[in-house]
Amino acid sequence: MTENNITIRRIWIGIKSVSTGVGQVMFQQSAITGLIFLCGIFWGSYECGTPQVAWGALAGTIAATLAAFPVNTGCSEGRSGLWGFNGTLVGCAFPTFFAPTVFMWCSLVLCAVLSTWVRAGMNNVLGKFHINSLTFPFVLLTWIFLLASRVMDSLIPLNAAAPVSSPDGFSMASLAIYWLKGISQVFLINSWITGILFLIGLAVCSRMAAAWAMAGSAIGI
């Protein structure tokens, strides 16, 4: 195998690992599912006027995936997308909760990198008890940065949305929209079209997973 072929192969493995990492946010080991999820994220972000969320998700996944190499995490985990999924959620959360400043983007990349290392450390300890950290590294690190932003001038938290009053009545159409948005909010996206794309992505990998996602959102409503 020539050097060029080796380079192309490595690039392809990297792209596939990143895409699969997005899919692993919903426990789906599929690069195609991850790609469909990314399409949903980009659609919903641009629809809501927050394109930085989509680019943040992509940047966070890439940063988290690349961060695994220095800690020598298993290659099988990389191909399974387990390096990047916490970074995907970090990338969605930071542009959602913080103003899009240069410092926010630097913090996003730093937090995405840390999510991979924190996951490796937590799983090393929790694995003895047969417990997986799942998305807790994302939750923990995002909490820390949110709390720190209260005393950091360069990391500006966005104002929380005002409470929405309950509508006078519900129609079947509005309930369907709320149901689909419940699925899209896994990635902090508020778009029923994104919800449809997420369901398609789930169904590509597992129709059972898609069915349970529909049921879970319906039960929540």
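The values are calculated or read from the model by the stated rules, or taken from the named source; none is laboratory data. Everything numeric here is computed off the predicted structure, so don't read it as measured data. Heads up: the accessible areas ignore ligands, DNA and RNA and are worked out on the full protein's heavy atoms, side chains in. Shrake-Rupley method; radii C 1.70, N 1.55, O 1.52, S 1.80 Å.
General observations
- Under-5 Å amide H pairs with residue 98, H placed in peptide plane, nonlocal only: 158
- Fraction of accessible area attributable to carbon and sulfur, the chain (%, probe 1.4 Å): 69 percent
- The Cα center of the range 114-142 and the Cα center of the range 166-209 differ in position by 28 Å.
- Build a GNM of the chain with springs between Cα atoms under 10 Å apart, and of 181, 16, 128 the one that fluctuates most is 128.
- Here the average projected area of the convex hull drawn through the C-alpha atoms of the range 52-135 stands at 5.3 nm².
- The chain: angle of helix 31-47 to the longest principal axis, Cα-based, in degrees nearest 10: 50 degrees
- Relative to the 2.2 N^0.38 Å rule of thumb, the chain has a C-alpha radius of gyration ratio of 1.06.
- In sequence order, calculated HN-Hα J values of the range 93-108 (Karplus, 6.51, -1.76, 1.60; Hz; x Gly/Pro): 6, 4, x, 6, 9, 10, 5, x, 9, 4, 5, 4, 5, 5, 5, 4
- For the residues 129, 37, 94, a GNM of the chain with alpha-carbon springs under 10 Å puts the largest fluctuation on 129.
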